[in-house]
Amino acid sequence: MKEKPTSSEDILRIFLDYLSVEKGLSPNTIHSYSLDLKKLFLFFDENKISWLKTEEGDLIRFIHQYSRANLSPRSLARLISSTRSFYRFLVLDGLIEKSPATNLSTPKLWLDLPKFLTEKEVEKLLAQPKEENIRGQRDKAMLELLYATGLRVSELVSLELKDLTLEQGYVLCQGKGGKERIVPFGHSAQKSLMEYLQKARPRLLKRADSSLFLSSRGRAFTRQGFWKMLKAYGRQAGLEHKISPHVIRHSFATHLLERGADLRSVQLMLGHSQITTTQIYTHVSRKHLRDVYNKYHPRS
């Protein structure tokens, strides 16, 4: 019979290994789980509670504590999800008989509608990179591809040359949990990518590297580097919104639905495992329809 881990450090390490090896989750997702569970273990330490003998009431107090700390609905939902996953693992591993987190409910995330740019704002953003130089050519290609596909920023910067089929206009990307999906892109992104590959990438390349997008040092572009670049172009464009890669992803989905795309197709392109995750965008589209109705119907 295997010995039960007793310290929070031991069980956290074992759980994170399980998420990586058996569940195949990405390093970013595992890092988020780690941050959430460190909050949980800190709460246990402060209240002298054993993670092996936790009761439902303890977890409710934990969630309420962070709810009062003005955690966003999305962050709170992730905290609850991480807690439930952790206790499901303890049951699965035979460390406890019943999960005290089964009845924890998540906040209604659809009330927290995603921020997105209008089509005109997207056009303004995409016009910012100066295509006379190699940096502008690369940045233009990255921005065009991000909006054309709705990729997550981690998916965008991890693309390799072999993942791009330029002639047919699609990319093969690895999403959450190592799941692969094919996402198409249009002529605008195709044109910018061709310009980048022909003129900019060969000059950025310092040594053999299979990454699609390269930094000025000839290395794979990083998430942090893309965030910094995007924010700079957002300021140049004079956008009032708090811009981020996810805002571009939200804009991609919203604009598709507003122009009549079906929810299932958008789900596949976004790489959502559940269609309920994609349904948040239907609330945005309904608001758009209401705005159009109020503006144009004679008896609105």
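Against the condition at pLDDT below 90, basic (K, R) and either surrounded by 12 or more Cβ atoms within 10 Å (Cβ to Cβ) or in contact with a strand residue (DSSP E or B) (Cβ under 8 Å, 6 or more places away or on another chain) (or both), how does K115 come out, does it pass?
yes
Looking only at residues that are within 22 Å of the chain's Cα centre (by Cα) and surrounded by 15 or more Cβ atoms within 10 Å (Cβ to Cβ) in region 94-111, which one is modelled with the lowest pLDDT?
W110
Would you pick out the residues in region 200-219 that are over 20 Å from P245 (Cβ atoms), surrounded by 14 or more Cβ atoms within 10 Å (Cβ to Cβ) and without any contact (Cβ under 8 Å) to a residue 12 or more places away in the chain?
D209
Does region 36-59 include one or more residues that are within 15 Å of T83 (Cβ to Cβ), under 17 Å from the mean Cα position of the chain (by Cα) and not charged (D, E, K, R)?
no
Assuming V21 fulfils every condition listed in (1) free of Cβ contacts under 8 Å to residues at least 40 places away in the same chain; (2) under 25 Å from I280 (Cβ atoms); (3) surrounded by fewer than 14 Cβ atoms within 10 Å (Cβ to Cβ) apart from one, which condition is it?
(2)
Take the conditions among the acidic types (D, E), over 18 Å from G94 (Cβ atoms) and either surrounded by 13 or more Cβ atoms within 10 Å (Cβ to Cβ) or in the same structural domain as I280 (by TED's automatic domain parsing) (or both) and apply them to D45. Does it pass?
So D45 does not fit the description; no.
Being outside the structural domain of L25 (by TED's automatic domain parsing) and modelled with pLDDT of 95 or more narrows it down to one of S158, S192, so name that one.
Details: S158 fails: modelled with pLDDT of 95 or more.
S192 is the lone residue from the list that is outside the structural domain of L25 (by TED's automatic domain parsing) and modelled with pLDDT of 95 or more.
Under 9 Å between Cβ atoms, at least 6 apart or on separate chains: pull out the pairs that start in region 174-199 with a residue that is farther than 15 Å from G136 by Cβ and end on any residue that is loosely packed, with under 14 Cβ neighbours inside 10 Å and among the β-branched types (V, I, T).
That search, which allows pairs on different chains as well, returns I182/T165.
For R286, indicate whether it is modelled with pLDDT under 90, of a type outside the set (G, A, S), exposed (fewer than 13 other Cβ atoms within 10 Å of the Cβ) and in the same structural domain as R135 (by TED's automatic domain parsing). Give the steps one after another, and end with the answer.
On the way: modelled with pLDDT under 90: yes; of a type outside the set (G, A, S): yes; exposed (fewer than 13 other Cβ atoms within 10 Å of the Cβ): yes; in the same structural domain as R135 (by TED's automatic domain parsing): yes.
Yes; evaluated as a whole, the condition is true for this residue.
Here's the yes/no breakdown for (1) within 18 Å of L230 (Cα to Cα); (2) in a helix (DSSP H, G or I):
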{"site": "A101", "(1), (2)": "no, no"}
{"site": "E123", "(1), (2)": "yes, yes"}
{"site": "G136", "(1), (2)": "yes, yes"}
{"site": "K140", "(1), (2)": "yes, yes"}
{"site": "S188", "(1), (2)": "no, yes"}
{"site": "R203", "(1), (2)": "no, yes"}
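Among the helices (runs of 4 or more DSSP H) lying completely within region 213-273, list those that include at least 1 residues that are of a type in the set (G, A, S) and touching a Pro at 6+ places or on another chain (Cβ under 9 Å).
The qualifying helices (runs of 4 or more DSSP H) are 245-258.
If the requirement is being of a type outside the set (S, T, Y), within 19 Å of S251 (Cβ to Cβ) and out of contact with any Leu (no Cβ under 9 Å at 6 or more places or on another chain), which of these qualifies: G186, G169?
After applying the criteria, what remains is G186.
Looking at V171, V153, V157 in this structure, which one is more than 20 Å from V266 (Cα to Cα), among the hydrophobic types (A, V, I, L, M, F, W, C) and buried (at least 16 other Cβ atoms within 10 Å of the Cβ)?
V157
Which residue is farthest from E22 (Cα to Cα), if the candidates are limited to region 52-94 and must be β-branched (V, I, T) and in contact with a helix residue (DSSP H, G or I) (Cβ under 9 Å, 6 or more places away or on another chain)?
I63
Of the residues T222, T278, T254, which single one is farther than 22 Å from A141 by Cα, surrounded by 13 or more Cβ atoms within 10 Å (Cβ to Cβ) and touching a helix residue (DSSP H, G or I) at 6+ places or on another chain (Cβ under 7 Å)?
Matching residue, one of T222, T278, T254: T278.
The values are calculated or read from the model by the stated rules, or taken from the named source; none is laboratory data. All values derive from a computational prediction rather than experimental measurement. FYI the Cβ positions are ideal-geometry reconstructions off the backbone, even for glycines, and counts take in every protein chain you see.
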